[in-house]
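Data first, discussion second: the structure below is written as structure tokens.
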Amino acid sequence: MSEKKMSSSRKHHLKSLMLSIAKGLLEAEEREREKEKERYMAESCPPLAMPRTMQELQELCREIHHKIDVIDEERYDLEIKINKSDKEIDDLRIKVQDVMGKFKKPVLRKVRMSADAMLKALLGSKHTVNLDLRANLKQVKKEVKEEEKELRDVGDWRKNIEDKSGMDGRKKMFEAEV
């Protein structure tokens with residue numbers, strides 16, 4: 001079945017009906033809120049009768065202080081609940097971002113720090129380590145090869161070339177390799 005499109009006048013009429021119904025609901029909700037507020041005020045705050053004696057006045061002040069304390073406790077409890085729920089919301093938001101994988105990586109700054117300072121920062125001040133990399137290395141003695149010794153003992157390079165020039169020199173080289 002092909003769906004018929006609504007005409008613009010029909011859309012406008014339906015939209016205006018929906019808005020008028022919503023307006024009526026909002027007004028009813030506002031009246032209900034006002035009635036609830038008046039009921040609460042009548043229940044919580046009875047009409048004030050001014051006392052005539054000093055003792056009655058002191059008693060009234062004590063009652064008011066007690067009510068203020070109760071309301072402060074309620075306010076504090078609500079504040080704690082709100083802070084806790086805000087933290088939970090932030091944690092859930094972070095989890096959602098992690099799951100989606102779309103979060104901004106913070107820009108990392110270059111920090112110049114020695115290895116000792118880095119270990120101290122990671123492990124805490126109670127664990128101090130002096131990191132001397134050269135102390136942990138093995139001592140290796142360099143072996144001098146005989147060929148290198150021979151080359152050093154040869155002395156003047158011109159003499160060495162003159163010995164190897166000509167057929168005699170080539171013959172000596174050939175015999176030395178074998």
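With respect to residue 37, determine if the residue is out of contact with any Leu (no Cβ under 8 Å at 6 or more places or on another chain), of a type outside the set (A, V, I, L, M, F, W, C) and loosely packed, with under 10 Cβ neighbours inside 10 Å. The answer is no for residue 37. Determine, yes or no, whether residue 105 is at negative phi, among the charged types (D, E, K, R) and loosely packed, with under 10 Cβ neighbours inside 10 Å. For residue 105, the condition - at negative phi, among the charged types (D, E, K, R) and loosely packed, with under 10 Cβ neighbours inside 10 Å - is met. Residue 54 falls short on exactly one of the conditions (1) surrounded by 10 or more Cβ atoms within 10 Å (Cβ to Cβ); (2) among the hydrophobic types (A, V, I, L, M, F, W, C); (3) within 30 Å of residue 44 (Cα to Cα), and that condition is (1).
Computed from the coordinates by the stated procedures, all read-outs in this text should not be read as laboratory data. Since this is a predicted model, take the numbers as computed values, not measurements. Glycine also receives a Cβ, built like all others from the backbone with ideal geometry; neighbour counts cover every protein chain displayed.
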